Protein chains: 2
Amino acid sequence: MHPAVQAHTDPLMPPFRPGPTLLVHGGVGPYEAEFEEPRRAGLARAAEAAREVLAADGTALDAVVRAVTVLEDDPVFNAGRGSVLNAAGEVETDAAVMDGASGNAGAVAGVQGIVHPVLLARAVLDDGRAVLLVGRGAEGFAEERGLERCDPRSLIVETQRAALSRHHRGTVGAVALDRTGHLAAATSTGGLTGKLVGRVGDTPLIGCGTYADRHVAVSATGDGESVVRLVLAHRLALRYAEGRDLTAAVRDAADLFRETQPGILGLIAVSAAGEIVARSLPGTHLLVARWSVGEPEVTSAPND
Amino acid sequence: MHPAVQAHTDPLMPPFRPGPTLLVHGGVGPYEAEFEEPRRAGLARAAEAAREVLAADGTALDAVVRAVTVLEDDPVFNAGRGSVLNAAGEVETDAAVMDGASGNAGAVAGVQGIVHPVLLARAVLDDGRAVLLVGRGAEGFAEERGLERCDPRSLIVETQRAALSRHHRGTVGAVALDRTGHLAAATSTGGLTGKLVGRVGDTPLIGCGTYADRHVAVSATGDGESVVRLVLAHRLALRYAEGRDLTAAVRDAADLFRETQPGILGLIAVSAAGEIVARSLPGTHLLVARWSVGEPEVTSAPND
């Protein structure tokens, strides 16, 4: 049982209230020495930007969106600028955000020429009429809302094109707990190198790559189709809600993925009790930045 | 405990093997007298077509796709021909299919000019490279695969336009169990009348409007955003897997929806034990066709 449950069941103990907590990832894949340093630096910048939000009593929702926005600007990650190219040589991006406190969510998929897909997902959430907008409809919505648009080709980073074509993952994501105990998750990606035009992976699908409720917030990365078939973030969340600790819930989800699905996986999660857990499959590398006190720390997730 | 569980735990009993079973729905909404008869007739035709597949030892996957294909052709339902119009006065359709035996799925969203969206979803499943294709990419994939295409305007049924504009639901779906014990689910829709261009609801999202595994197959209909926020079909499936009977799992899902979300809901589900359950919320009407022996029977789902 985690600390919050103990506290609430013992009337002599004051309620346990964990402080703001944050976990950010930059995608899972093989270890690639040449990208290690810029990725560590990018994650540190994203975590610092989100830390500032949380430290100023901002919401978890604002914090995860802030972290992902910074990573979308960074060409070393496969999201926003620097996204991989689809089979037609174009960038099509996906993003989602979910607010655990309200259960509201917003997502976009297959959008072109949007500088910050996560801000468009946030606009869909705030608008409230839809949860998921795709393609030209999502782009028209961005136009209406005055979101920053660009020539779709400007998101292609020429100096990264050759290198990025070797990566097929690099999705970014963030989960956070704020001072009021609310959770949120956000995820953003350019998808899979050479993907079919119009292919949507797990990232923008609520319950698959992105999920948050009152107990836990989850962001997943890896082989999207495999994550979707298991509805993995939601599966992890329901297992956690049954009373298991977060480490076990994340390990169970990773084990089920490994036993039943092809491909690789990275998971990050934070609970309302302030637990943070990150994990990737054996032989893979998931770099994360975490923060709860002091300075954000960049580290590799366990993958045993 | 349901019969299959009892049989498998008693070595003296032969394994219980339920026969092929089928449940088809035509959308949830207020009772509308003028559509009752054509909807009953349409559901009976769809169930009969799927019954023929199952009776000839066809797969659950083939059966649910067959039922939904018949309903997409029928202008009285909000799927394929007869779909409602979005905010731009156009038809954009969504569909998904999931094979419980393999855990594979295929889905399309925001597609135009496709006569049978469920067949396109099936083609995505069979292709295997993606789970979800959207918009122009999905339409290009249909072109490659030689699926039947049409002028997008030909899916608009002029004589239904005025009437359909009063409905905002009418999604169709089917779940089936075949002789080998395999389950499948399929769902297809034109979405919400006046929806934002590019809006995608629960129908094509695996775990939200459509889900199947080795234990249960589920198809949902109603207010899509509310279904998505709860990842409802997957939630129902995990509750069922915990060992509860299907009636209780469906009721729990409907109760949670009613307590936490705006809007209306219809659910149909079939288990590997041969249980079939359909339910809608109080004050709403969900017409279903069911079959396990004899002739398919069209009836209203409980809504108490």
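The values are calculated or read from the model by the stated rules, or taken from the named source; none is laboratory data. Worth saying up front: this structure is predicted, and the values here are computed from it rather than measured. A quick note on method: Cβ atoms are made from the backbone with ideal geometry, for glycine too, and the neighbour counts reach across all protein chains shown. Each accessible area value is taken on the protein alone, full model and side chains, heavy atoms only, with ligands, DNA and RNA left out. Shrake-Rupley method; radii C 1.70, N 1.55, O 1.52, S 1.80 Å.
If you roll a 1.4 angstrom probe over the protein chains with everything in place, what fraction of the accessible area of segment B:145-304 belongs to carbon and sulfur, to the nearest %?
49
How high is the relative contact order of segment A:121-251, in percent, counting Cα pairs under 8 Å that sit 6 or more residues apart?
The normalised contact order for segment A:121-251 reaches 16 percent.
Mind listing the label-point distances from residue B:282 to the same position on all other copies, shortest first, one decimal in nm, points 7 Å along Cα→Cβ?
Those separations, rounded to one decimal, come out as 5.5 nm.
List the equivalent ellipsoid semi-axes of the protein assembly as shown in whole Å, largest first, each obtained as the square root of 5λ for an eigenvalue λ of the Cα gyration tensor.
38, 28, 22
Cut-off 10 angstrom, C-alpha nodes, Gaussian network model of chain A. Which of A:248, A:79, A:33 fluctuates the most?
A:33
Could you work out how far helix B:60-73 tilts from the main Cα principal axis of chain B, as a 0 to 90 degree angle to the nearest 10?
For B:60-73 against chain B, the angle is about 30 degrees.
Classify segment B:186-259 as rounded, prolate or oblate from the Cα gyration tensor: take a ≥ b ≥ c as the square roots of its eigenvalues, call it rounded if a/c is under 1.5, otherwise prolate when a/b beats b/c and oblate if not.
prolate
Just need the relative contact order of chain B here, percent rounded to a whole number, with Cα pairs under 8 Å and 6+ apart.
24
With a cut-off of at most 15 other beta carbons within 10 Å, and DSSP calling the residue loop, which GluC sites (Glu not before Pro) in segment B:206-294 qualify? Please list them.
B:242
Quick one: grab the alpha carbon gyration tensor of segment A:29-159, order the square roots of its eigenvalues as a ≥ b ≥ c, and give me rounded if a/c is under 1.5, else prolate or oblate depending on whether a/b is larger than b/c.
oblate
Quick check: pseudo-label points 7 Å beyond the Cα along Cα→Cβ at residue A:31 and residue B:151, how many nm apart are they?
Distance between label points: 6.2 nm.
7 Å along Cα→Cβ for the label point: how many nanometres lie between residue A:151 and each equivalent label in the other copies, listed shortest first?
3.7
Excluding ligands, DNA and RNA, what is the solvent-accessible area per residue of the protein assembly as shown at a probe of 1.4 Å, expressed in Å²?
Heavy-atom accessible area per residue stands at 35 Å².
What angle, in degrees between 0 and 90 and rounded to the nearest 10, separates the Cα long axis of helix B:117-127 from the longest principal axis of the Cα atoms of chain B?
Once rounded, one gets 60 degrees.
Arranged from highest to lowest average of other beta-carbon atoms within 10 Å per residue, in what order do the peptides B:144-150, A:62-68, A:140-146 appear?
Going from most to least packed, we get A:62-68, A:140-146, B:144-150.
Which of A:280, B:193, B:140 sits closest to the plus end of the dipole of the protein assembly as shown, meaning its Cα is farthest towards the positive end, when Lys and Arg get +1 and Asp and Glu get -1 on the C-beta?
So the residue furthest toward the plus end is A:280.
Put a point 7 Å out from Cα along the line to Cβ at residue B:299; what are the distances to that point in the other copies, in nm, shortest first?
So the distances to the same position in the other copies read 5.8 nm.
Based on Cβ point charges of +1 for Lys and Arg and -1 for Asp and Glu, what charge dipole magnitude is obtained for chain B about its Cα centre, in debye rounded to the nearest 20?
Value, rounded to 20: 360 debye.
Per residue of A:253-262, what is the mean number of Cβ atoms on other protein chains within 10 angstrom of that residue's Cβ?
Mean number of neighbouring Cβ atoms from other chains: 0.
Which value, in square angstrom to the nearest 100, describes the accessible area buried between chains A and B on both sides, using a 1.4 angstrom probe?
Counting both chains, the buried surface is close to 3100 Å².
Where a ≥ b ≥ c are the square roots of the eigenvalues of the C-alpha gyration tensor, would you call segment B:216-293 rounded, which needs a/c under 1.5, or, failing that, prolate if a/b is larger than b/c, or oblate?
Oblate, because a/c is 1.5 or more while a/b does not exceed b/c.
What does the charge count around residue B:24 come to, taking other residues whose C-beta lies under 12 Å from its C-beta (Lys +1, Arg +1, Asp -1, Glu -1)?
So the surrounding residues net to +3.
Helix A:33-55 against the longest principal axis of chain A: what's the angle in degrees, Cα atoms only, rounded to the nearest 10?
60
What FRET efficiency do you get for residue B:293 and residue A:87 if R0 is 51 Å and r is their Cβ-Cβ distance, rounded to the nearest 0.05?
0.60
Given springs between every Cα pair under 10 Å in a Gaussian network model of chain A, which of A:230, A:183, A:54 has the largest fluctuation?
A:230
Please give the Cα centre distance for segment B:91-158 versus segment A:181-213, rounded to the nearest Å.
If you average the Cα positions of each part, the centres end up 21 Å apart.
What percent do you get for the relative contact order of segment B:192-304 when only Cα pairs under 8 Å and 6+ apart count?
Computed over segment B:192-304, the figure is 20 percent.
Between A:274, A:110, A:89, find the one with the highest GNM mean-square fluctuation for chain A; connect C-alpha pairs within less than 10 Å.
Per the Cα network of chain A with a 10 Å cutoff, A:89 tops the list.
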